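So the structure is just underneath, and the comments pick up after that.
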Amino acid sequence: MAEVIERTLNTTPKDATHWSIRSMAAATGLSHTTIRRIWAAFGLQPHRSETFKLSTDPLFVDKVQDIVGLYMAPPNRAIVLCVDESERASATGSSRPRTQIQALDRNQPVLPMAPGVAERRTHSYIRHGTTSLFAALDIATGAVIGECDKRHRATEFLDFLKRIDTAMPQGWDVHLVMDNYATHKTPKIKAWLARRPHWHVHFTPTSASWINQVERWFAELTREQLQRGVHRSTADLEADIAAFISAHNENPKPYRWVKSADEILASVKRFCQKTQQNLCAEL
């Protein structure tokens, strides 16, 4: 058992980038079943690999403390909104960091699910245009304000802010959590916000979209509506998005933020230390 664990963690096969059950069994002389049981017992999954990106924002600590503080203890008589633009849903179902959603149709009809047979669709697709979705998530209620536009400029973003403004209760402060996208920082946007001192902007750290709660809602939209959707026009796409938002707001539920800023920063620190140790080991 110890040999299997040591080899799995510290070595690779001569002809591959990672161990498989078959290759580990051949290298150790153990059965496939034994390798599978050992890996399962210790949570080892050599076939899996994940990506990461550490923020290099010099104000990372301050921004995390600021935004997580809003989540954990929102101010009285204030609305906290997480704002962002849509991410593109690709034909394969993955999301890419783009600011438009594609209306995609399949080259051939989708074959429906049948007993013992999964739904089937072609890999190829036809593009029918794009739309941009602006969304604001109220962290207290989970409700979403959403708006689709043909273009994605400061003008459209300002129109969306104005729509948010009309929906806010009189006399309440508005706290916006959003990223550092150029559209959010144009002179036109800054001037509009400056005339509203009860509006407060909290920028997320660079490369830290995970701290913006609306990203979780975008993931739900992609998974439940866009990933397997068939849209023959942008009008069809926008209608389905509007229907999804309407259904969501009939029974919204806020996301529960559980980690404090100190816990997040401690976790990032441990990860950085581990990364540094691995880098030194390689050198």
Of the accessible area of the stretch 77-261, computed with a 1.4 Å probe and all protein chains kept, carbon and sulfur make up a percent value of 52 percent
Carbon and sulfur atoms account, in whole percent of the 1.4 Å probe accessible area of the stretch 1-42, for 54 percent
Pseudo-spin-label distance E224 to T28, built 7 Å along Cα→Cβ, given in nm, is 4.2 nm
Here the membrane-span-like helices of the chain, with no claim about any membrane, defined by DSSP H, Cα axial extent at least 15 Å and mean Kyte-Doolittle at least 1.0, are none
For the stretch 1-42, the per residue accessible area (1.4 Å probe, Å²) is 70 Å²
One would report the antiparallel percent of DSSP beta bridges in the chain, rounded to the nearest 5, as 65 percent
Ranked output for segments 32-45, 9-22 by mean other Cβ atoms within 10 Å, highest leading, reads 32-45, 9-22
Rounded to whole angstrom, the alpha-carbon centroid of the stretch 18-55 lies from that of the stretch 226-272 at a distance of 32 Å
With a 23 Å threshold on alpha-carbon distance, the violating pairs from K63/K269; K162/K188; K185/K253 are K185/K253
In Å², rounded to a whole number, the accessible area per residue of the stretch 77-261 with probe 1.4 Å is 51 Å²
For the stretch 1-46, the Kirkwood Rh over every pair of distinct alpha carbons, in Å, works out to 10.3 Å
Treating only Lys and Arg (+1) and Asp and Glu (-1) as charged, each at its beta carbon, one finds that the stretch 1-42 has a dipole about its Cα centre, in Debye to the nearest 20, of 140 debye
Excluding residues fewer than 8 positions from K274 in its own chain, the lysines with Cα under 21 Å of it are K53, K259
Each label sits 7 Å from Cα toward the beta-carbon; between D236 and E119 the label points are separated, in nm, by 1.4 nm
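The values are calculated or read from the model by the stated rules, or taken from the named source; none is laboratory data. Small disclaimer: the values here were computed from a predicted structure and weren't measured. Neighbour counts are summed over all protein chains in view; Cβ atoms, including those assigned to glycine, are modelled from backbone coordinates with ideal geometry. Each accessible area value is taken on the protein alone, full model and side chains, heavy atoms only, with ligands, DNA and RNA left out. Shrake-Rupley method; radii C 1.70, N 1.55, O 1.52, S 1.80 Å.
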